[in-house]
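Accompanying notes for the structure given below.
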Amino acid sequence: MEKNNRLKNSKQMERHFKGIANYRRIDILLILDKEEDITLDQLTEILKGDFRTISEHTRRLAHAGLLNKNYMGRTVLHSLSPYGKQFVKFIKTFQHS
């Protein structure tokens, strides 16, 4: 995954895997794969979930390094990080196996 070919240790991998250890977070990653730069309001509407809950999921995904948050005034745009894109590929492969 890393461009400099360093292997991640198990603790580093744990952070990424814990980041996707929830069906809502997996759904968020899959949504962001289809549409980047999406707001929390848009995610909440698509997922038909609670704003605070979806906000917490995006926070955890960002902490895991799988999601980028770009602040534009009071608006926050969400997109997949490079690691997030790798995890989406894994999820889609796993989904079809």
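The values are calculated or read from the model by the stated rules, or taken from the named source; none is laboratory data. This is a predicted model, so every value here is computed, not measured. Please note: Cβ atoms are built from the backbone with ideal geometry, for glycine as well, and neighbour counts cover all protein chains shown.
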Here's a check for you: in the range 11-25, which residue that is touching a helix residue (DSSP H, G or I) at 6+ places or on another chain (Cβ under 6 Å) and at pLDDT 95 or above is surrounded by the fewest Cβ atoms within 10 Å (Cβ to Cβ)? ARG24
Of the residues LEU61, LEU30, which single one is within 13 Å of the chain's Cα centre (by Cα), surrounded by 17 or more Cβ atoms within 10 Å (Cβ to Cβ) and part of a helix (DSSP H, G or I)? LEU61
Would it be correct to say that ASP41 is over 12 Å from the mean Cα position of the chain (by Cα), acidic (Asp, Glu), at pLDDT 95 or above and surrounded by 12 or more Cβ atoms within 10 Å (Cβ to Cβ)? yes
Within the range 71-97, which residues are loosely packed, with under 12 Cβ neighbours inside 10 Å and over 19 Å from GLY19 (Cα atoms)? TYR71, MET72, GLY73, ARG74, THR75, HIS96, SER97
Checking HIS96 against (1) in contact (Cβ under 8 Å) with a residue 12 or more places away in the chain; (2) out of contact with any helix residue (DSSP H, G or I) (no Cβ under 8 Å at 6 or more places or on another chain), which single condition isn't satisfied? (1)
Tell me, please, whether a residue that is under 14 Å from TYR83 (Cα atoms) and of a type outside the set (Asp, Glu) can be found in the range 32-43. yes
Could you check how many residues of the range 38-58 are part of a helix (DSSP H, G or I) and in contact (Cβ under 8 Å) with a residue 24 or more places away in the chain? 6
For ASN68, only one of the following conditions fails: (1) surrounded by 12 or more Cβ atoms within 10 Å (Cβ to Cβ); (2) assigned to a helix (DSSP H, G or I); (3) among the polar types (S, T, N, Q). What is its number? (2)
Residue check for LYS8: without any contact (Cβ under 8 Å) to a residue 12 or more places away in the chain and either surrounded by 15 or more Cβ atoms within 10 Å (Cβ to Cβ) or farther than 15 Å from TYR83 by Cβ (or both): no
Residues of the range 71-92 that turn out to be in contact (Cβ under 8 Å) with a residue 24 or more places away in the chain and part of a strand (DSSP E or B), as a count: 6
